[in-house]
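Peer 1: Sharing a structure below in structure tokens format, with a few things to ask.
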Amino acid sequence: MKKIFPLILLVITSVNLFSENLVNVNCWTNGTAYTVSKHRAELGVFTGSSYGLTDDLELSTRPLLFFVAPQFKLKKSWGEHSGFQMATEHGILYPTPLLRLLARKGIAGLISDEFSIPQMIAIDNRFLISCRPVGNTILSAHAGITFAIKSGKPDAASTIDLPVIYPRLAVFYSQPEFDLGVDFQGNFFTRFGYIFNVENFILPQTTRNYFFENNGILTYSPKKKSMRLEGGYKLCYGKYPSGNQWHLLPKIAMIFCFGK
């Protein structure tokens, strides 16, 4: 196993050196310290969407959830320093309408209707840094903190104990929440690429304090880069109220691009 990993790394590096550099500062910047270019829009299906307000300011949201759980994020690029691209990201999430919609009887009810959901808003701030270690690869790291503002304290038994969902709502039951992660992406060939990232969620004020997510994704972009297809897996681990659990989920996304 120790001999196989360096060989895989060598193959990836070699392919990157001879493939066309499609990972640039103007497109496919999710997870990095880069922002999409001015007036460029990336509309995601089953994922977030982004729009370049300026060349160094990006607005993102999730259209499919906008009317039941509005979320906005602003990513501000602070330029490149000694070969490292810097950015900060600031977001707000209002999940109350969605949680109240799910607090009902029957199959559609993920929360018991006996619980009252207060007005809640999450505010997160994140620092991102990216570099290009070799070829067209982008290596990124981020660190962030999230706080919650609530009109009341939600009942501890009203949590949705599901992967992906629970870590992002845990801040409303115990705050603050910290997130740390790394992201590695690039291209194998002209139109085919990869994304490999790891994210950790930490809540120091509770014993159910750690959640882990790992994405392994292959990507395809046509020559005009007007669309991108993503497919792979999401591996999740977490300390849920019911105990420690692992989950392996499929990861599929389609992103359409408009503008330069």
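Computed from the coordinates by the stated procedures, all read-outs in this text should not be read as laboratory data. In this text, all values refer to a predicted model and were calculated from it rather than measured experimentally. All Cβ positions, glycine included, derive from the backbone under ideal geometry; neighbour counts span all protein chains shown.
Peer 1: How large is log10 of I(q)/I(0) for segment 4-258 at q = 0.12 Å⁻¹ when the intensity is taken from the Debye formula with one equal scatterer per alpha-carbon?
Peer 2: After summing over all Cα pairs, the log10 values are -0.76.
Peer 1: With only alpha-carbon atoms in the gyration tensor, what are the semi-axes of the equivalent ellipsoid for segment 77-146, in Å, largest first?
Peer 2: Calculated on Cα positions only, the semi-axes equal 41, 14, 7 Å.
Peer 1: Can you compute log10 of I(q)/I(0) for segment 44-115 with the Debye formula, treating each Cα as one identical point scatterer, at q = 0.22 Å⁻¹?
Peer 2: -0.96
Peer 1: To the nearest 20 debye, what is the magnitude of the charge dipole of segment 4-258 about its Cα centre, counting +1 on the Cβ of each Lys and Arg and -1 on the Cβ of each Asp and Glu?
Peer 2: 460 debye
Peer 1: Gain in length, LEU74 to ASN209, computed as 0.36 nm per residue apart minus the alpha-carbon separation, to one decimal in nm?
Peer 2: 45.9 nm
Peer 1: For TRP246, TRP78, which order do you get if you count the other beta carbons within 10 Å of each Cβ and list the fewest first? If you can, show how the numbers build up before the last one.
Peer 2: Details: TRP246 10, TRP78 14.
Least crowded to most crowded, the residues run TRP246, TRP78.
Peer 1: Also, I was wondering about something else. Over the Cα atoms, compute the radius of gyration (one decimal) and Dmax (the largest Cα-Cα distance, rounded to a whole number) for segment 190-257, in Å.
Peer 2: 15.9, 49
Peer 1: Moving on to the next point. Relative contact order of the chain: what whole-number percent is it, with Cα pairs under 8 angstrom and at least 6 residues apart?
Peer 2: Once normalised by length, the contact order is 16 percent.
Peer 1: Excluding the sites themselves, what is the longest stretch of the chain that contains no GluC sites (Glu not before Pro) in a DSSP loop with at most 15 other C-beta atoms within 10 Å? Mind showing how you got there, number by number?
Peer 2: Working: sites that count: GLU20, GLU114.
That would be 115-260.
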